C-alpha cells in the first residue's frame, strides 16, 4: 500500500516537472512561439531584401546595356552637364530632385 502511494507521488512529481519543461522550458511552447515570431519577422525581412535585390539587378542590367539610362543616371546623380548647359543647384533642395523631372532632362 505504501509503495503504491510512493509510486503515485513520484509519478505526479515527474509529470509536473515534465509539464513545466514542456511549457516553460528552453525548448518548450513559450520558446517555440518566440522562435516562430522571429522566423516570421526574418522571412518578411528576407522577402523585402529579395525585392530590393531584384530591383538592383534590373538597374545593373540597364546600366550595362542601355546608354541612355547610363547618361540619365550620370546626369542626375553626379550633376554632369552637356556642353553649353548650365546647372543650377539651389540650397536646401534635394540633389536628386532638381529640375522638372528626375527621369527626363529639360530641353
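Laid out as a table, the results:
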| quantity | calculated |
| --- | --- |
| Qualifying residue in region 56-67 (condition: modelled with pLDDT under 95, outside any helix (DSSP H, G or I) and surrounded by 10 or more Cβ atoms within 10 Å (Cβ to Cβ)) | yes |
| Residue within region 80-100 that is modelled with pLDDT of 85 or more and in a helix (DSSP H, G or I) present | no |
| Residue check for residue 31: modelled with pLDDT of 95 or more, in a helix (DSSP H, G or I), over 21 Å from the mean Cα position of the chain (by Cα) and surrounded by 10 or more Cβ atoms within 10 Å (Cβ to Cβ) | no |
| Meets criteria (part of a helix (DSSP H, G or I), modelled with pLDDT of 90 or more, surrounded by 10 or more Cβ atoms within 10 Å (Cβ to Cβ) and within 31 Å of the chain's Cα centre (by Cα)) for residue 77 | no |
| Residue within region 37-51 that is closer than 30 Å to residue 89 by Cα and at pLDDT 90 or above present | no |
| Residue check, residue 40 out of contact with any helix residue (DSSP H, G or I) (no Cβ under 7 Å at 6 or more places or on another chain) and not in a helix (DSSP H, G or I) | no |
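The values are calculated or read from the model by the stated rules, or taken from the named source; none is laboratory data. Values in this document were obtained by computation on a predicted structure and should not be read as measured data. With ideal geometry, Cβ positions are generated from the backbone for all residues, glycine too; neighbour counts draw on all protein chains shown.
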